[in-house]
Amino acid sequence: MPRPRRPRGGCSRCGAKAQYLVRDLLFCRPCFTKHIHHRLGRTINGPLAASSRPNITARPPPQAGGALLALSGGAGSTALLDYLVERRYLGTAETPRVPPVWPTAYAVHVVFPGADEKAWLRAMVERRGIKYLSVRAEDVFDPSLGRRIAREAGVAEDEGDDTPVDAADNADADADAVDTHTADTVTDSDTTTDTADTANTARLAALLASLRPASRPTVHAHILDAVLDTVAASLRVSHLVLGETATREAQRVVAGTAHGRGFSLPLDLVTLSPGFSVPPPSSVLETLSTASAASGAPVGEAGGGGAQGHRVSRLRGARELTVKEAALYCHARGLQTFNFREGSERRSVEGLTERFVATLSTRHPATVGAITRTAAKLTYTGGDEPPCPLCRRPADPGIREWRARASLTFLPVTAAAKAEGMPAKAEEAADELDPHELDPLLCYACSTTLRGRKAGPMPPFVVDGVRRRNEARRVSQDEMRAAIADFLLE
């Protein structure tokens, strides 16, 4: 029987008037929406199903924890939010007929310097019954960021307990607490908060000023990852849902390869990754050590929190959609979006790669698919390598030895030349690190990013990463022999 012919300019599925062209297929508005929903569900359902042979078309089972959606305001994250709410994957104020995949859900938006917070973005999220959180990029220097986010979201501050705080039961206590404070105390608290925010803004500006312009987008990306992980750990969620599209993944592959991140790049190219453990800051570790010493329990059991941190899985639900498809979906659903990527300088590798992939995709639509399919064949060949303090990915082993053999521009500085030509090192601040102490612990890509860095503050997660690496570093027999050489008898 001959195949029925579709009318010219008609939908490839139902024959109605087509409105959207995706590759060589024409879709009307309802069929295009179903097509995108099918592709998003195929990406999300399989990894979340607790089966070795999952049915990608079936709804995944309810997960143990909540979900945090990283909402940038772009087409990818906005389309993913609309899909998860439309299919009742996220627990909202409404009572669904079927249990949601995640009983609690939050959406976080990170505001970078130079960008303003969008009021319509908050309204769009809250209209769907999801808690909206806004964090600034300079809050990466705030040691109390986790506690502040937990209070704002109504989550108990006790680590390991994610029970929401009942506002009705604590209404009287809160009223008494307010009555005992005077107006001067509130004013002083607001002044202290403003001073801390100004100091954090200055630290971030000093950090970016100490870097080369081409290195700033990479550091921005690491700061964004650290802020998202901190917020997810403070909310005690199980999944951090990212709206990264296939176009953005292709740009990440090309830029990461150019930076020399091929060793750990396969870990960022999977749909569901175990994520990175977010340990508590140094102040919390000291408190846990004091409590464990008083109680006689090992560190990690005192206080109910644990010093091992909270591991959050990362789910890249929109990685099969191109940015064009996500933008068309937002147009079909009437969703407002905006694009702002801080630090995309024209001279940076990220900026050049972004324009290269976007320009090439207009003439060759299969470019993004070819890059992502090739990158999907990459496998991680490393073992249990220690993490890099900056990117928190496994650090390449033997980088210093390889660079010492391959580099032709490095000349060793003798002690006399160092004493004559180099000024005396001033006392370092608490958030500053000596480059000679930080560089040996970095991976190859991060060491290239921070090459030529001037003295400047570093985020607390980098300082804590250096401290943990130094504490966990194993001392070789030659180092032990050199340390006790003066006490050995010949």
Handout entry: Matching residues in region 96-121 - criterion: being outside any loop (DSSP other than H, G, I, E, B) and either within 16 Å of L68 (Cβ to Cβ) or acidic (D, E) (or both)
Key = W102, A105, Y106, A107, V108, H109, V110, L121
Exercise for the section: For region 89-98, indicate whether the set of residues that are surrounded by 16 or more Cβ atoms within 10 Å (Cβ to Cβ), modelled with pLDDT of 90 or more, in the same structural domain as T337 (by TED's automatic domain parsing) and out of contact with any Leu (no Cβ under 7 Å at 6 or more places or on another chain) is non-empty. Expected result: yes
Exercise for the section: Pairs only if they're at least six apart or on different chains, beta carbon under 6 angstrom, first in region 13-30 and assigned by TED's automatic domain parsing to the domain that holds A332 and closer than 16 Å to Y329 by Cβ, second hydroxyl-bearing (S, T, Y) and not in a loop (DSSP other than H, G, I, E, B); list them, first residue then second. Expected result: F27/Y20
Exercise for the section: Mind listing just one residue for me: the one in region 267-286 that is part of a helix (DSSP H, G or I) and touching a helix residue (DSSP H, G or I) at 6+ places or on another chain (Cβ under 8 Å) and, of those, modelled with the highest pLDDT? Expected result: D268
Problem - Among residues of region 19-71, those that are touching a helix residue (DSSP H, G or I) at 6+ places or on another chain (Cβ under 9 Å), in a loop (DSSP other than H, G, I, E, B), at pLDDT 90 or above and hydrophobic (A, V, I, L, M, F, W, C), counted - result: 1
Handout entry: Odd one out for A79 among (1) among the aliphatic types (A, V, I, L, M); (2) touching a helix residue (DSSP H, G or I) at 6+ places or on another chain (Cβ under 7 Å); (3) outside any helix (DSSP H, G or I)
Key = (3)
Exercise for the section: Considering every residue within region 418-428, establish whether at least one is surrounded by 11 or more Cβ atoms within 10 Å (Cβ to Cβ), assigned to a loop (DSSP other than H, G, I, E, B) and modelled with pLDDT of 70 or more. Expected result: no
Practice task
Could you tell me whether L211 is out of contact with any Pro (no Cβ under 8 Å at 6 or more places or on another chain), at pLDDT below 90 and not in a helix (DSSP H, G or I)?
Solution key: yes
Problem - Residue under evaluation R355, criteria (1) surrounded by 15 or more Cβ atoms within 10 Å (Cβ to Cβ); (2) in the same structural domain as L81 (by TED's automatic domain parsing); (3) at pLDDT 85 or above, criterion not met - result: (1)
Fill in the blank from the handout: Just one listed residue, out of A75, A105, A58, A67, is surrounded by fewer than 16 Cβ atoms within 10 Å (Cβ to Cβ) and among the aliphatic types (A, V, I, L, M), and it is A58
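The values are calculated or read from the model by the stated rules, or taken from the named source; none is laboratory data. Just so we're clear, the structure is a prediction, and the values are computed from it rather than from any experiment. As a convention, Cβ positions derive from the backbone with ideal geometry for all residues, glycine included, and neighbour counts pool all protein chains shown.
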